[in-house]
1. How many residues are touching a His at 6+ places or on another chain (Cβ under 9 Å) and of a type in the set (D, E) when one looks only at region 202-231?
2. Suppose we filter P348, P297, P343 for residues that are modelled with pLDDT under 90, open to solvent by less than 30 Å² (accessible area, probe 1.4 Å) and not basic (K, R); which single one remains?
3. For L382, only one of the following conditions fails: (1) modelled with pLDDT under 90; (2) buried (at least 16 other Cβ atoms within 10 Å of the Cβ); (3) part of a loop (DSSP other than H, G, I, E, B). What is its number?
4. Could you check region 167-181 and list, in sequence order, the residues that are within 16 Å of the chain's Cα centre (by Cα) and in a strand (DSSP E or B)?
5. If only one of L324, L311, L337 is at pLDDT 55 or above, open to solvent by 70 Å² or more (accessible area, probe 1.4 Å), of a type in the set (A, V, I, L, M, F, W, C) and under 30 Å from the mean Cα position of the chain (by Cα), which one is it?
6. Could you go through region 226-246 and let me know if any residue there is in a loop (DSSP other than H, G, I, E, B), open to solvent by less than 70 Å² (accessible area, probe 1.4 Å), out of contact with any helix residue (DSSP H, G or I) (no Cβ under 8 Å at 6 or more places or on another chain) and over 26 Å from P412 (Cβ atoms).
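The values are calculated or read from the model by the stated rules, or taken from the named source; none is laboratory data. Remember, predicted model here, so these are calculated numbers, not experimental data. As a convention, Cβ positions derive from the backbone with ideal geometry for all residues, glycine included, and neighbour counts pool all protein chains shown. Surface areas here come from the heavy atoms of the whole protein model, side chains and all, with no ligands, DNA or RNA. Shrake-Rupley method; radii C 1.70, N 1.55, O 1.52, S 1.80 Å.
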Amino acid sequence: MATDRKASYKAPPTTITDTFVSQETRRSKALEDQKRRRAQKVDSSRQLDLFADLSLGPSDDDEENEIVREGVAPFVSMVGLSSSSSQNPESPPTLGLLEAKEPSRGSNKTRKKKKRGKADKKPNKWADKCMYAELLEIRNDDVWPLPEGMTDGLPEDLESGWVAVAPVPVGKRCLAVTHQSSGVVGVVPNTSLRSRVLGKSLIVPFPSKLPPQTVLDCILDTNWRDNGILHVLDVVQWKGQDVGDCETPFRFWWRDTRLAELPRSLPPSNPTGPSLSASTSKTPWHSRSRSFTNSSPTLKAYHFPYPTSFLPIPYHTNTALPHLSSYIIPLARSVRLVSVDVPLTSPPPSSTHEPASPSMDIDNSNSPSTPPPPPPMILTSLPVNLQSDGLLLYVAQASYEPGTSPLSSWIPIGINSDAEDKDLDLDGTSPSSNASRPLDLFERLVTRRLVTSQAKLNGISHTLEVGEMEMET
């Protein structure tokens, strides 16, 4: 029983729910549902129902206006009840239309308890709003050629209908949400990070240069306390405009263009300490090793109180098989090198080297004490190594939808699991070597499809050459 649970934990969702429905089928159905909902939304915005009753018949002015006269017959029964109740004093008084019933105290208490119970059970507004990718269901390449009716799991339109995102950094998935704040942009806290599953706040609100009413799909870097990086994966809303309804290439282009237009965000020179919430400070991913290549103790002493760098993750619209094999897949394994700005505060001047100059004592007991001016802030650029976690694939024609969706596929470098589950493959079996990792298997399947397509082209060209030679003879 324990083995079955471990196998189902590692297996893709379709092998658990329905073995007869493939991921390709569910992906096509989800895309058709999106197209239908998009068409319905466009039709409702046009308000075509308002023109449905219009006709080219005679004008309403030519017809005589009919006067509708309505009597008081429907109200006779109500008048009779009120009069009979006034004549018979022993009968209980009936409530009129405008008389309000006196509420009982017990009912108010029960209603309040019910309201409190409903409020406690109400889910968070931002819970499960990220578009979470499914693990790509790819088959092992031990059997070749594949039996009739069986596919390798790669999308049929991989070269023309997909967008690749690589390298995807290691971190925690979240939503960056901004709200309208009364104050200077970049000074007043206006941004909060919401967790993917429960929608809870990961850190306390912090200032950023993002415009209000903006929602970004992000990955909080594991070492954000050391580098201040928040990776931007996708854009859902920008300045109140729903960008999530657009197709994938446009969303990624909009993300890069708008983030490049933002002014530079400077980190605070004197951070007061960590700005973690109580629930986030217990997570183990805050205690990982730092990624700075510089070993200066002065530079490592600085900790970012909140993310200051919104770094977009590179995307690639060219998903041809040669480009995937030679560029995108190696890029998904590589370490991304970026530079971040870290402030350095100049140390206060030492008073031991120079004698204090004589000065006149002035009585300032009545004047308020003025704090010393802050030390000048000096920014230095440091290289940061960002570890890759894998490769993401998005359907090009799909829009952004919350929850787990087959319109986005995830291909990790390795399976992150506990020590007991590290030796399990996608189908629940134990691999013989590291070559069965998802990204390695994906690369071999891409290479195999590339070789097969080239062989078909060579066969067609050889057949054409033979036909031309026969025609010449």
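1. 2
2. Values: P348 fails: open to solvent by less than 30 Å² (accessible area, probe 1.4 Å); P297 fails: open to solvent by less than 30 Å² (accessible area, probe 1.4 Å).
Exactly one residue qualifies, and that residue is P343.
3. (3)
4. We begin by selecting, within region 167-181, every residue within 16 Å of the chain's Cα centre (by Cα); these are 168-178.
The answer is V168, P169, G171, K172, R173, C174, L175, A176, V177, T178.
5. On the way: L324 fails: open to solvent by 70 Å² or more (accessible area, probe 1.4 Å); L311 fails: open to solvent by 70 Å² or more (accessible area, probe 1.4 Å).
None of the other options fit; the residue is L337.
6. Taking every residue of region 226-246 in turn, at least one turns out to be in a loop (DSSP other than H, G, I, E, B), open to solvent by less than 70 Å² (accessible area, probe 1.4 Å), out of contact with any helix residue (DSSP H, G or I) (no Cβ under 8 Å at 6 or more places or on another chain) and over 26 Å from P412 (Cβ atoms).
Residue-by-condition table, conditions (1) open to solvent by 80 Å² or more (accessible area, probe 1.4 Å); (2) small (G, A, S); (3) modelled with pLDDT of 90 or more:
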| position | (1), (2), (3) |
| --- | --- |
| A398 | no, yes, yes |
| T404 | yes, no, yes |
| N416 | yes, no, no |
| P431 | no, no, no |
| L439 | no, no, yes |
| T447 | no, no, yes |
| S453 | no, yes, no |
| I460 | yes, no, no |
| M471 | yes, no, no |
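The rows are residues; the columns are (1) touching a Pro at 6+ places or on another chain (Cβ under 6 Å); (2) under 30 Å from I138 (Cα atoms); (3) open to solvent by 80 Å² or more (accessible area, probe 1.4 Å); (4) at pLDDT 65 or above.
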residue	(1), (2), (3), (4)
D18	no, yes, no, no
Q23	yes, yes, no, yes
D49	no, no, yes, yes
D53	no, no, yes, yes
D61	no, no, yes, no
